[in-house]
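Okay, so here's the structure we're looking at.
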Amino acid sequence: MIKIEHIGIAVKNLENSSELFSKLFNQMPYKMEKVESEGVNTSFFKIGENKIELLEATQEQSPIHKFIEKKGEGIHHIAFDVEDIETEMKRLENEGFILLNQIPKRGADNKLVCFLHPKGTNGVLIELCQEIKE
Ligand code: ZN
């Protein structure tokens, strides 16, 4: 893993939270994006080297909806940049971590992503992400 790419925060209302975090960071989000496959709307802030991703559910089946029902709003996942996502997925699977998807998915912000089950990581949802180079 190269570095923390972003921290994901689950919110109930993206518009309100984007406004709130804009005040906190004293800057507007650089990107707002709907991720159909995950049932979420997202907005991204850049804080120096790091990013903050706000996530709002667009449907009841969305993992974000379920997360907020169970735990309320708050930090949802930590995402790490990887050089080669497939190699890293194989390595982690061999180490006994549980991958939530066997094939990298297209995530927000031009990334291929894979999540690790929080059961195997002390309750922390980990996202691996690799920039899509086109
Ligand atoms: Zn993320």
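All of the numbers you see were taken from the coordinates with simple rules; none came from a lab. No experiment lies behind these values; they were computed from the predicted model shown. Cβ coordinates were reconstructed from backbone atoms using ideal geometry, including for glycine residues, and neighbour counts include every protein chain displayed.
Out of GLY120, GLY48, GLY96, any idea which swings most in a Gaussian network model of the chain, alpha carbons joined below 10 Å?
Result for the chain, Cα springs under 10 Å: GLY48 fluctuates most.
Please identify the chymotrypsin sites (Phe, Trp or Tyr not before Pro) of the range 25-88 that satisfy two criteria: DSSP loop assignment and at most 12 other Cβ atoms within 10 Å. Which are they?
Here the chymotrypsin sites (Phe, Trp or Tyr not before Pro) that fit, given the DSSP loop and packing criteria, are TYR30.
To the nearest 500 deg cm²/dmol, what mean residue ellipticity at 222 nm is calculated for the chain from DSSP H runs of n ≥ 4 alone, each contributing -39,500 (n - 2.57), summed and divided by the residues? Spell out each step's value before the answer.
Values: 3 runs with 31 residues, N = 134.
About -7000 deg cm²/dmol.
With Cβ to Cβ distances under 10 Å as the rule, what net charge do the other residues near HIS77 carry (K, R +1; D, E -1)?
So the environment of HIS77 carries a net charge of -2.
In bins 5 Å wide, starting from 0, what share of all Cα pairs of the chain does each bin hold, as a percent?
Per 5 Å bin, starting at zero, the Cα-Cα P(r) for the chain comes out as 2, 11, 20, 25, 20, 14, 6, 2, 0 percent.
Exposure proxy check: MET89, MET1, MET32 ranked by fewest other beta carbons within 10 Å?
MET1, MET32, MET89
Collect residues whose amide H, placed 1.01 Å from N in the peptide plane, falls under 5 Å from the amide H of GLY107; neighbours closer than 5 in sequence don't count.
HN-HN under 5 Å from GLY107: LEU112, VAL113.
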